[in-house]
Each structure stands twice: as structure tokens, then as C-alpha cells.
Amino acid sequence: MAVCGSCGREGTRVRTIFEINGKPLPVPLDECPGCKPGSFEPRWWTERGAMGWEAYPNQYKARRMPDGSVGYFATDELRADTEAKIARESEDDRRARENAIARKRQAVAGARRSLTQGEQESIIAKYREQEAKGIEERKARLDAMAVGLQLPN
Ligand SMILES: [Zn+2]
């Protein structure tokens, strides 16, 4: 333990200042959280966080472990609450799911709409064109066979 030269308190956090802004002080100055609290980090800054069984002792059961130490185990209630929190859908998840459903519905609706007159005529024209081409190829093949030629496939 150190003793603060300014206020006389005893503690582990005493700081001695020899200069301020590069100017040496005529006499070194002590300060501690008792006399200069604004000069030190708050207590929570340096202290460890509380464990779950320290913060919420009624949500844990203490059990003696085989090595003699004490173990803390979450109650079934805390475990169920925690699992529910993990499994619950977040706002982002919900929005993403709704967007995915809306996109799927739009895609299905787009696929099911009936063809326009122009689209029908275009498809029929393409089909007739391919059919005519196929008939010509078959005729050419038959003509070639008639004179004893074999055309490549
Ligand atoms: Zn002090």
C-alpha cells in the first residue's frame, strides 16, 4: 500500500507527478482517487465484469465439484430463457424472410402470366421456321441417299 502525499489516504492507486506539460514541478505532487477522482479511470474501467452467478445468483445453482471447488450451473428456467432468446427471430431476420417471400411470389406471378399476342406469334413463327428447316434437311438427306451419298449428321 502506498500513502498519498497530498491527502494522506492509503491505497493501491497513488500517482506521483513530477512535471506538468513538460515543466518540472518544484515539489513532486501525489494524487489518489480520494483527492483527485477526475484524474483516475472510473472503478468499473479497471475491475472485471461480474459473472452471471454473481450478478443473478437466483438464476444459478451452486454444486460441489469432485475436486472440492464450487461450480455454478444455470437453472432450467435460465437455460430455457437463453435458448428462447437465441432462437427468436431478429428484426433483420424477419425483414429478410419477408423480402425473400415477396421476391419468390413476384417471380412465380411473372412466370404464370399468359403470353402476349406478340410473344405467341413470335414463338409460333420460330417453331414454323425450325420445322421448315428440318423438312428441308430431311429432303436433302433423302435426295443424297437416292444417289448413294451419306451426309454428315
Ligand atoms: Zn490523495
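Laboratory data are not the source of any read-out in this text; all were calculated from the coordinates shown. What you see is a predicted model, and the numbers here were worked out from it, not measured in a lab. Every residue, glycine among them, receives a Cβ derived from its backbone with ideal geometry; neighbour counts consider all protein chains shown.
Some observations on this one:
- Prolate is the label for segment 2-153. Its Cα gyration tensor axes, ordered a ≥ b ≥ c, give a/c of at least 1.5 and a/b above b/c.
- All lysines inside 29 Å of LYS61 as judged from Cα atoms, apart from same-chain residues fewer than 8 positions distant: LYS85
- Stretchable slack from GLU47 to SER90, in nm (0.36 nm times residue separation minus alpha-carbon distance): 12.3 nm
- GluC sites (Glu not before Pro) restricted to DSSP loop in segment 1-101 with at most 12 other C-beta within 10 Å: GLU47, GLU89
- Each of PHE40 and GLU10 was given a label point 7 Å from its Cα along the Cα-to-Cβ line. The distance between the two points is 1.5 nm.
- For the chain, the longest principal axis of the C-alpha atoms and the axis of helix 117-146 are separated by about 50°.
- 14 Å beta-carbon shell around ARG105, net charge (K/R +1, D/E -1): +4
- Length added when fully stretched, GLU121-ALA62, from 0.36 nm per residue minus Cα-Cα: 13.3 nm
- One decimal place: the segment VAL147-ALA100 gains 10.6 nm when fully extended, by the rule 0.36 nm per residue minus the C-alpha distance.
- Pairwise Cα separations in segment 2-46 fall into 10 Å bins from 0 onward with the following percentages, short to long: 29, 49, 22, 1.
- Local charge for ASP143 was computed over the other residues whose Cβ lies under 15 Å away, with Lys and Arg +1 and Asp and Glu -1, and equals +1.
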